[in-house]
Amino acid sequence: MREGGCLCGAVRVRAEVGSGIQACHCSQCQRWTGGGPLWSVRVADLVVAGEDAVRTFRMSEWGERAFCGTCGSTLWWRMRGKSIAYVTTGLLDDQSGLTVDQEIFVDHRPGWLPPFAGASQSTEAEEMVALAKHLEGERP
């Protein structure tokens, strides 16, 4: 179990965390983070304290982004109506042992940021096909 929280401490999280970091280079994540990718880690058994400080922004028909309404820290992205599967890496108090193992939307990666050696790579087109398959699987 790892713990962490936003910049001001209004939102705290505790979860089982995988060892891989996903870097999303989509244009929305770049704007949301100020220029770089959204660094996130897969979580299980997530417990969130301070949910009254969490604010969300619906950025598409299928996804929403969460941030702390007090300090503005980026918290997570999730499929609308689904449980949170990833939280931002920067929330974690202890980031030891984590490595970037997946990069998505790599065709939008800024030229100044080289690829991470050993990380899987997928383009926007590949991610949109995977999303369409996922959404199709949910329809009755």
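The numbers here are math on the coordinates, done by the rules we state, and not lab data. What you see is a predicted model; the values in this text were computed from it and never measured. No Cβ is skipped: glycine too gets one built from the backbone with ideal geometry, and neighbour counts run over all protein chains shown.
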Checklist entry - Counting only residues that are in contact with a Gly (Cβ under 8 Å, 6 or more places away or on another chain) and not in a strand (DSSP E or B), which one in the stretch 69-89 is surrounded by the fewest Cβ atoms within 10 Å (Cβ to Cβ)? => result ARG80
Checklist entry - Considering the stretch 68-107 alone, what residues qualify as being in contact with a Phe, Trp or Tyr (Cβ under 9 Å, 6 or more places away or on another chain), more than 25 Å from GLY118 (Cβ to Cβ), touching a residue at least 60 places away in the same chain (Cβ under 8 Å) and not hydroxyl-bearing (Ser, Thr, Tyr)? => result LEU75
Checklist entry - What is the residue count in the stretch 90-103 for residues that are crowded, with 20+ Cβ neighbours inside 10 Å and either over 12 Å from the mean Cα position of the chain (by Cα) or charged (D, E, K, R) (or both)? => result 1
Next on the checklist: When you scan the stretch 129-139, do you find a residue that is touching a residue at least 40 places away in the same chain (Cβ under 8 Å) and surrounded by fewer than 11 Cβ atoms within 10 Å (Cβ to Cβ), even just one?
Outcome noted: no
Checklist entry - Hey, among VAL106, VAL129, VAL87, which residue is within 14 Å of the chain's Cα centre (by Cα) and not polar (S, T, N, Q)? => result VAL87
Item to check | Residues satisfying the stated conditions in the stretch 1-34, i.e. charged (D, E, K, R) and either closer than 18 Å to PHE67 by Cβ or assigned to a helix (DSSP H, G or I) (or both) | outcome: ARG12, ARG31
Item to check | Search result, residues across the stretch 9-40 that are among the aliphatic types (A, V, I, L, M) and buried (at least 21 other Cβ atoms within 10 Å of the Cβ) | outcome: VAL11, VAL13, ALA15, VAL17, ILE21, ALA23, LEU38
Item to check | Top-ranked residue of the stretch 51-66 - restricted to ones that are assigned to a loop (DSSP other than H, G, I, E, B) and not polar (S, T, N, Q), ranked as surrounded by the fewest Cβ atoms within 10 Å (Cβ to Cβ) | outcome: GLU61
Checklist entry - For the stretch 28-42, does any single residue satisfy the condition of being of a type outside the set (S, T, N, Q) and farther than 24 Å from VAL106 by Cβ? => result no
